[in-house]
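Please treat every number below as a calculation from the coordinates, not as lab data. Predicted, not measured: the structure shown is a model, and the values here were computed from it. No Cβ is skipped: glycine too gets one built from the backbone with ideal geometry, and neighbour counts run over all protein chains shown.
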Amino acid sequence: MQIHKYDTVIVGAGGAGMRAAIESTKRSRTAVLTKLYPTRSHTGAAQGGMAAALANVEEDNWEWHTFDTIKGGDYLVDQDAAEILAKEAIDAVLDLEKMGLPFGRTPEGRIDQRRFGGHSRNHGEAPVRRACYSGDRTGHMILQTLYQNCVKEGVEFFNEFYVLDQLVVEVDGVKKSAGVVAYELATGEIHVFQAKSVIYASGGTGKFFKVTSNAHTLTGDGQAACYRRGLPLEDMEFFQFHPTGIWRMGILLTEGARGEGGILRNKDGERFMEKYAPVMKDLASRDVVSRSIYTEIREGRGCGPEGDHVYLDLTHLPPEQLDAKLPDITEFARTYLGIEPYTDPIPIQPTAHYAMGGIPTNVEGEVLADNTTVVPGLYAAGEVACVSVHGANRLGTNSLLDINVFGRRAGIAAAEYAEKSDFVELPENPAQLVVDQVERLRDSTGTERVATIRQELQECMDANVMVFRTEQTIKTAVDKIAELRKRYLDVSVQDKGKRFNTDLLEAIELGNLLDLAEVMATSALARKESRGGHYREDYPNRDDVNFMRHTMAYREVAEDGTESIRLDYKPVVQTRYQPMERKY
Amino acid sequence: MATPTLDKADKAPEPEAGFADSPYITATFRIRRFNPEVSDEAQWQDFQIEIDPKERVLDALHKIKWNQDGTLTFRRSCAHGICGSDAMRINGKNRLACKTLIKDLSPEKPITIEAIKGLTVLKDLVVDMDPFFQAYRDVMPFLITKGNEPTRERLQSPEDRERFDDTTKCILCAACTSSCPVFWNDGQYFGPAAIVNAHRFIFDSRDEGGEQRLEILNDRDGVWRCRTTFNCTDACPRGIEVTKAIQEVKRALITRRF
């Protein structure tokens with residue numbers, strides 16, 4: 001076991017982690033731990049754009065953006081945070097441009113902007129051009145630009161280091177962060193990183209679904225590490241299903257395709273979104289569009305022999321426009337479906353895309369131990385966190401924005417905290433939990449296989465807690481997850497070696513997914529209303545009287561060792577916007 | 001916003017051809033295995049799997065790892081050609097496993113899979129990427145500017161933006177560099193990927209570090225080692241015209257400096 005000492009440790013090297021690192025490296029001795037290489041992070045898969053009311057191409061302002069974000073999140077958004085997001089968006093985009101990001105340009109040479117779902121002029125009047133973009137590879141450009149600037153700043157990376165435990169120490173009754181424990185993929189060695197501050201920026205948890213736009217590596221490791229140490233997870237029942245995933249594969253086809261004029265059609269060729277969202281049509285918020293698609297499918301208007309998908313039609317757009325604005329997604333259609341988007345519509349279905357919930361933080365990125373108390377030295381930003389700027393449903397282009405605004409904020413706050421603080425003493429045997437976990441899995445002779453349990457979990461989640469949910473389907477999921485968690489104790493791996501043992505890591509990742517799936521289903525069961533991405537057919541309306549509040553889920557361990565989930569609730573921060581009925 | 005063209009929409013819903021009855025086939029994957037914890041020698045191992053030919057090579061590798069041999073080791077993440085983790089040599093050519101469909105590989109014959117060449121193999125299909133990323137860092141892959149920053153964005157015309165668009169697509173997968181015979185023979189050569197990333201800045205109208213980068217690439221291990229074999233262009237999963245980019249850097253060196 002090796003012990004390292006850094007002022008600041010950042011877990012994850014996607015957009016939020018690297019944006020934080022650029023700030024914290026200037027101010028404190030920083031190490032960035034990533035289970036991949038930085039440029040492999042899933043920020044690179046984001047396509048359509050990053051919202052900011054630059055008003056480069058038409059009238060816009062950050063107040064309209066704030067409103068759209070709050071309405072898009074079905075009023076579960078903390079309004080102070082949304083205001084910061086929309087205000088700081090402008091500098092966040094300009095900062096990236098100055099770092100070298102090759103944005104698309106207007107004829108005058110300014111940053112160009114395009115339409116995106118849920119972003120509107122003057123509180124819902126009509127779509128507005130707010131998304132700054134670079135073709136349909138905006139996330140790729142952000143990831144590359146941030147990595148380039150990390151190279152420039154000399155950021156220190158530990159590549160292929162899996163963080164498996166968060167060290168939380170109680171000092172005078174206050175929970176503090178002491179550091180993290182990581183597993184080095186190349187050698188199997190365990191490393192303890194003692195740090196004054198730790199920032200989680202490790203991304204989402206989409207891999208508990210089967211049809212998902214998420215990478216194989218998005219297994220909620222950061223959320224699970226904190227949760228297992230008694231820290232809460234907020235609003236985990238809210239998961240976004242992006243309307244346009246490639247049929248059966250789930251690969252993302254950007255909402256920018258509809259921003260450029262693409263249209264969703266059912267088997268009769270009908271532009272069905274006109275029925276569900278007369279003003280915004282195909283550019284309504286993602287939860288609305290995904291539900292509309294499944295309503296079409298359920299009512300027998302789905303396409304194909306099994307009627308299980310609809311079409312994204314780009315055939316009326318000029319090929320030059322597709323080549324210039326949507327080169328990657330049109331290539332995906334050609335590569336994976338053998339379809340030519342110039343002439344044929346693309347079969348799509350909603351795909352599990354984004355966790356609105358996560359590790360609760362305040363607007364400085366400080367992690368909360370309960371509704372009000374911060375954990376000194378512990379920060380989170382990006383998809384792993386819940387600020388909450390996305391509420392019950394995130395608007396497209398607000399995630400690339402979130403990682404830049406709150407990544408930067410967390411980086412500055414963590415480094416400044418480290419500057420004025422001492423190291424927290426490590427607990428005795430700091431690596432014990434990880435050592436035990438790794439040894440148990442490596443030595444196990446159990447008969448259960450990782451791939452089997454994972455597949456059953458994914459199929460169960462797709463069937464029961466996706467776009468439509470009921471008490472019964474959620475209970476089915478809760479029971480199934482409990483069964484799988486039991487069987488997981490009997491899981492074994494074939495690779496017993498130390499070197500690049502991805503077999504072992506997949507088993508650990510599955511454990512994280514199971515923990516988080518349980519939290520998600522339990523939180524969803526208790527929320528007896530429909531709001532944003534959480535739609536209960538048995539409670540089809542939003543219930544502001546009983547549920548205008550954030551869910552806070554805690555892991556409880558009884559004296560006899562039995563685990564359970566305790567749910568608590570946290571008020572929503574409301575400033576100037578009163579909840580209204582949500583129409584697009 | 002564009003309005004629907006109904007005539008096209010009416011005849012549209014027929015393109016199921018790509019997914020019509022998809023019969024599973026039995027394919028043999030011949031994989032070059034290496035694990036120094038077990039043996040100093042690499043060896044070929046055959047795996048037979050049932051697979052839909054429209055699936056990806058990455059799907060096949062997962063089937064093998066998940067159902068037959070958990071020790072099979074490879075890198076992967078996004079699974080759709082964006083993250084650059086899974087470059088490997090498939091039937092002798094560098095490709096991304098997640099962007100290569102089985103049907104395009106003559107699956108009636110064994111499909112060979114091995115690690116990319118020119119970088120040290122650490123286990124099975126996993127290579128040491130450090131020299132590759134070091135070469136990337138050596139070309140100063142970041143925007144270099146002088147003077148005060150403007151308040152708003154720097155202006156750049158759409159034409160100037162287009163000038164370097166091709167080389168911004170690079171995902172640093174190393175398929176190009178590890179297909180280059182010069183790189184195989186001399187690991188000191190920067191390799192195509194590093195030059196592509198230098199090109200991305202040299203031809204960016206906002207950048208003022210061109211001279212510094214050209215100086216670096218004028219080195220004995222720089223662009224002049226390129227023998228224009230076009231392997232890199234063939235290998236690039238992003239369709240970047242890599243050889244052309246290298247030629248443009250060579251031309252810039254000649255016209256600017258001599």
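Going by C-beta contacts inside 10 Å, put A:Thr34, B:Thr26, A:Thr502, A:Thr69 in order with the fewest on the left. Don't skip to the answer; put the middle values down first.
On the way: A:Thr34 26, B:Thr26 10, A:Thr502 23, A:Thr69 29.
Ascending number of Cβ neighbours within 10 Å: B:Thr26, A:Thr502, A:Thr34, A:Thr69.
With +1 assigned to the C-beta of every Lys and Arg and -1 to the C-beta of every Asp and Glu, and no other charges, what is the dipole magnitude of chain A about the Cα centre in debye, to the nearest 20? Mind showing how you got there, number by number?
Details: 68 positive and 87 negative charges, 120 e Å.
Charge dipole of chain A: 580 debye, to the nearest 20.
Whose amide H sits under 5 Å from the amide H of B:Ile25, counting only residues 5 or more places off or on another chain, with H placed in the peptide plane?
When sequence neighbours closer than 5 places are left aside, the close amide H contacts are B:Ile51, B:Asp52.
Relative to the longest principal axis of chain A, what angle (0 to 90°, nearest 10) does the C-alpha long axis of helix A:286-298 take?
Tilt relative to chain A: about 70 degrees.
Roughly how big is the range A:84-130's charge dipole about its Cα centre, with Cβ charges of +1 (Lys, Arg) and -1 (Asp, Glu), in debye to the nearest 20?
200
Can you tell me which of A:117-124, B:137-144 comes out highest on packing, and rank the rest after it, using the mean Cβ neighbours within 10 Å?
Details: A:117-124: 21.6, B:137-144: 19.8.
In descending order of packing, they fall as A:117-124, B:137-144.
What is the gain in length, in nm to one decimal, between A:Lys498 and A:Ser421 on full extension, counting 0.36 nm per residue of separation less the C-alpha to C-alpha distance? Walk me through the numbers before you get to the answer.
Numbers: separation 77, 0.36 × 77 = 27.72 nm, distance 3.65 nm.
Value of the extension gain: 24.1 nm.
From the residues B:Val57, B:Cys78, B:Gly92, which one has its Cα farthest along the dipole of the range B:48-98 in the positive direction, the dipole being from +1 and -1 charges on Cβ of Lys/Arg and Asp/Glu about the Cα centre?
B:Gly92
Write down the radius of gyration of the range B:136-258 and its Dmax, each obtained from C-alpha positions, in Å.
Reported Rg and Dmax, both Å: 14.5, 49.
Using amide H atoms built in the peptide plane, which far-off residues or other-chain residues are under 5 Å from A:Leu76 H to H?
For A:Leu76, whose amide H was placed from the backbone, the distant partners under 5 Å are A:Ala392.
Can you sort A:Thr187, A:Thr445 so the residue with the fewest Cβ neighbours within 10 Å comes first?
A:Thr445, A:Thr187
B:Asp234 to B:Glu41: extension gain in nm, 0.36 nm per residue of separation minus the Cα-Cα distance? Display every interim value, and only then the final one.
On the way: separation 193, 0.36 × 193 = 69.48 nm, distance 3.03 nm.
Stretched fully, the B:Asp234-B:Glu41 segment lengthens by 66.5 nm.
When a/c is below 1.5 the answer is rounded, else prolate if a/b is larger than b/c, else oblate, so apply that to the protein assembly as shown with a ≥ b ≥ c taken from the square roots of the Cα gyration tensor eigenvalues. Mind dumping the intermediate values first?
On the way: a/c = 1.18, a/b = 1.08, b/c = 1.09.
Since a/c stays below 1.5, the shape of the protein assembly as shown is classed as rounded.
First check a/c for the range A:414-507, with a ≥ b ≥ c the square roots of the eigenvalues of its C-alpha gyration tensor; if it is under 1.5, answer rounded, and if not, answer prolate when a/b is larger than b/c or oblate otherwise. Walk me through the intermediate numbers first.
Values: a/c = 2.67, a/b = 1.36, b/c = 1.96.
Oblate is the answer for the range A:414-507, as a/c is 1.5 or above yet b/c matches or exceeds a/b.
Could you size up the charge dipole of the range A:418-536 around its Cα centre, putting +1 on the beta carbon of Lys and Arg and -1 on that of Asp and Glu, and report it in debye to the nearest 20? Walk me through the intermediate numbers first.
Working: 18 positive and 22 negative charges, 102 e Å.
In total the dipole reaches around 500 debye.
Tell me whether the range A:67-196 comes out rounded, prolate or oblate; compute the Cα gyration tensor, take square roots of the eigenvalues as a ≥ b ≥ c, and use a/c under 1.5 as the rounded threshold. Write out the running numbers ahead of the final one.
Details: a/c = 2.86, a/b = 1.56, b/c = 1.83.
Oblate, because a/c is 1.5 or more while a/b does not exceed b/c.
For the range A:336-394, what size does the Cα cloud have along each of its three principal axes, sorted from largest down, in whole Å?
56, 20, 14
With the calculation restricted to Cα positions, what are the radius of gyration and Dmax of the range B:85-142 in angstrom?
Radius of gyration, then largest Cα-Cα span, for the range B:85-142: 14.0, 46 Å.
Helix A:450-464 versus the longest principal axis of chain A: what is the Cα-based angle in degrees, 0 to 90, to the nearest 10?
In chain A, helix A:450-464 runs at an angle near 40 degrees to the longest axis.
Dipole of the range A:317-437 (Lys/Arg Cβ +1, Asp/Glu Cβ -1, origin at the Cα centre): which of A:Val367, A:Ala333, A:Gly377 lies farthest to the positive side?
Final value for the positive-end residue is A:Ala333.
Please tell me which of these pairs span more than 22 angstrom C-alpha to C-alpha: A:Lys325/B:Lys169; B:Lys63/B:Lys169; A:Lys475/A:Lys528; B:Lys93/B:Lys123? Numbers along the way, then the final one.
Numbers: A:Lys325/B:Lys169 14 Å; B:Lys63/B:Lys169 30 Å; A:Lys475/A:Lys528 13 Å; B:Lys93/B:Lys123 20 Å.
Correct reply: B:Lys63/B:Lys169.
I'd like the mean, over residues of A:183-192, of how many other protein chain beta carbons sit within 10 Å of each residue's own Cβ. Don't skip to the answer; put the middle values down first.
Values: counts 0, 0, 3, 4, 0, 1, 0, 0, 0, 0.
Whole-number average of other-chain Cβ neighbours for A:183-192 is 1.
Over the range B:128-237, calculate the relative contact order: mean separation of alpha carbon pairs under 8 Å at least 6 apart, over the residue count, as a percent. Present the calculation step by step, with values, prior to reporting the outcome.
Numbers: 116 pairs, mean separation 40.9, N = 110.
Result for the range B:128-237 is 37 percent.
Rank A:Ile251, A:Ala182, A:Gly104 by how far each Cα sits towards the positive end of the charge dipole of chain A (+1 on Lys, Arg Cβ; -1 on Asp, Glu Cβ) and give me just the farthest.
Result: A:Gly104, furthest along the dipole toward the positive end.
Under 17 Å from the Cα of A:Lys420, which lysines turn up, not counting those fewer than eight places away in the same chain?
Straight-distance partners of A:Lys420: A:Lys5, A:Lys26, A:Lys176, A:Lys196.
Tell me, A:Lys175, B:Lys117 in order of fewest to most beta-carbon neighbours within 10 Å? It would help to have the intermediate numbers written out before the result.
Details: A:Lys175 20, B:Lys117 16.
Sorted ascending by nearby Cβ count, the order is B:Lys117, A:Lys175.
Given only helices, namely DSSP H runs of n ≥ 4 each adding -39500 (n - 2.57), what is the per-residue ellipticity at 222 nm of chain A, to the nearest 500 deg cm²/dmol? Could you put the intermediate results ahead of the total?
Working: 16 runs with 200 residues, N = 584.
So the helix-based figure for chain A works out to -10500 deg cm²/dmol.
Run through the DSSP bridge list for the protein assembly as shown and note the antiparallel percent, rounded to the nearest 5.
Details: 72 of 100 bridges.
Here the share of antiparallel DSSP bridges comes out near 70 percent.
Explain nothing, just the number: relative contact order of chain B, from Cα pairs under 8 Å at least 6 residues apart, as a whole percent. Display every interim value, and only then the final one.
On the way: 406 pairs, mean separation 42.4, N = 258.
Normalised by residue count, the contact order of chain B is 16 percent.
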